């Protein structure tokens, strides 16, 4: 990796962290530069202005998610167990890369509303890949798209906010027991929602 490439990646790492934590509207180029230990001119040289930074961050996040999805799809069998294995892979990805769900959750709250094309450019193609895969397994009459959205909403929410335990403590992605319960719940939810319960082994 050249100096320019490493400098750009360093800036994008910082920008990703700040956009995920504060949103696009709450983050300035100066904040990114200061967090990266650089001046604004250097950031602009490597990546461009704030909008350029955001677009680069979202593209990189999309490529990581797409690679994880395609890698999982290449390994599964197209049956009920395969769909649940794909679910597990998605949960693993989101919990290991919480900044990516956080970026999209900010957009759900109308963050970066002037950058309007990203859902069509990035979300829709991945949705279509998953829906097409599920159609090979799922019975007719099931709303596969809403089932997939249910997984996205739930996984993003759990990864970013966790759940409250009986003692009033918030338990989330860093708590193995909470993760195991969430995964088990989502597997049951998906199996029921997609009409797969009678197709599962055992």
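Brief remarks on what is shown
- Of the set (1) in contact with a strand residue (DSSP E or B) (Cβ under 6 Å, 6 or more places away or on another chain); (2) part of a loop (DSSP other than H, G, I, E, B), all apply to residue 141 but (1).
- Matching residues, the stretch 150-173, being farther than 17 Å from residue 92 by Cα, in contact (Cβ under 8 Å) with a residue 12 or more places away in the chain and not in a loop (DSSP other than H, G, I, E, B): 163
- When each of 99, 9 is tested for being at pLDDT below 95 and out of contact with any strand residue (DSSP E or B) (no Cβ under 9 Å at 6 or more places or on another chain), the lone residue that passes is 9.
- Taking each residue of the stretch 59-75 that is at positive phi and looking for partners that are assigned to a helix (DSSP H, G or I) and at pLDDT 95 or above with beta-carbon atoms closer than 9 Å, six or more apart or interchain, yields nothing.
- Residues located in the stretch 57-116, provided they are closer than 19 Å to residue 138 by Cβ, more than 16 Å from the chain's Cα centre (by Cα) and in a helix (DSSP H, G or I): 73, 80, 81, 82, 83, 84, 85
- Test: residue in the stretch 180-200 that is touching a helix residue (DSSP H, G or I) at 6+ places or on another chain (Cβ under 6 Å) and closer than 30 Å to residue 25 by Cα: no
- Cβ-Cβ distances below 8 Å connect the following pairs, each with a first residue in the stretch 22-49 that is in contact (Cβ under 8 Å) with a residue 60 or more places away in the chain and at positive phi, a second residue that is assigned to a loop (DSSP other than H, G, I, E, B) and surrounded by 14 or more Cβ atoms within 10 Å (Cβ to Cβ), and a separation of six or more residues or different chains: 23/111; 23/112.
- Across the stretch 174-202, the qualifying residues are those that are in contact (Cβ under 8 Å) with a residue 24 or more places away in the chain, part of a loop (DSSP other than H, G, I, E, B) and surrounded by fewer than 18 Cβ atoms within 10 Å (Cβ to Cβ), and the one among them that is nearest to the chain's Cα centre (by Cα) is 195.
The values are calculated or read from the model by the stated rules, or taken from the named source; none is laboratory data. Just so you know, these numbers come straight off a predicted model, no measurement behind them. When we count neighbours, we look across all protein chains shown, and the Cβ atoms used for this are built from the backbone with ideal geometry, even at glycine.
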